């Protein structure tokens with residue numbers, strides 16, 4: 001959804017959940033890849049004519065997926081790490097490959113934004129209908145916290161939002 005606000009001509013969504021891939025297509029993904037259907041790196045390379053992706057945004061927090069995201073990059077590509085694995089997690093990095101191809105690995109926290117500028121911009125994009133983030137959230141009453149956690153773990157919702165009692 002956010003990539004559709006950029007000049008990106010092609011947006012490839014990768015997920016093991018078919019419903020999330022369908023939603024990604026509805027929100028602007030031009031292509032989808034389900035790793036359950038085969039090697040996602042090979043699929044990404046095929047979709048990009050063997051060049052690889054200019055950008056990969058890794059959101060799962062799974063180290064194997066992060067490694068695949070890095071492997072799917074084109075020369076001078078950038079992998080942005082959003083997903084947070086457990087503290088102390090480490091990945092093996094083929095440093096000569098990183099250097100030789102000019103790959104960048106970037107960690108981000110909360111989008112590295114200035115909330116005073118960013119949040120009003122997000123609200124305006126939502127008002128314009130260009131950022132329908134409500135399609136990603138599902139509200140739960142606070143006493144449904146365990147249901148919300150289970151729904152998130154089982155991919156029935158993308159972002160559970162807890163509604164606190166007033």
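Of note:
- Residue ID - farthest from the chain's Cα centre (by Cα), chosen from residues in the range 104-120 that are in a helix (DSSP H, G or I) and surrounded by 12 or more Cβ atoms within 10 Å (Cβ to Cβ): 118
- Under the condition of being over 13 Å from residue 71 (Cβ atoms), out of contact with any strand residue (DSSP E or B) (no Cβ under 9 Å at 6 or more places or on another chain) and in contact (Cβ under 8 Å) with a residue 12 or more places away in the chain, the residues counted in the range 29-53 number 1.
- Residues in the range 44-62 that are surrounded by fewer than 19 Cβ atoms within 10 Å (Cβ to Cβ), under 14 Å from the mean Cα position of the chain (by Cα) and not in a loop (DSSP other than H, G, I, E, B): 55, 57.
- Selected residue (criterion: farthest from the chain's Cα centre (by Cα)) from residues of the range 63-87 that are without any contact (Cβ under 8 Å) to a residue 24 or more places away in the chain and part of a loop (DSSP other than H, G, I, E, B): 87
- Among the residues of the range 15-30, those that are exposed (fewer than 15 other Cβ atoms within 10 Å of the Cβ) and either part of a helix (DSSP H, G or I) or outside the structural domain of residue 48 (by TED's automatic domain parsing) (or both) comprise 18, 19, 22, 25, 26.
The values are calculated or read from the model by the stated rules, or taken from the named source; none is laboratory data. On a predicted model such as this, the values are computed, not experimentally measured, just so you know. With ideal geometry, Cβ positions are generated from the backbone for all residues, glycine too; neighbour counts draw on all protein chains shown.
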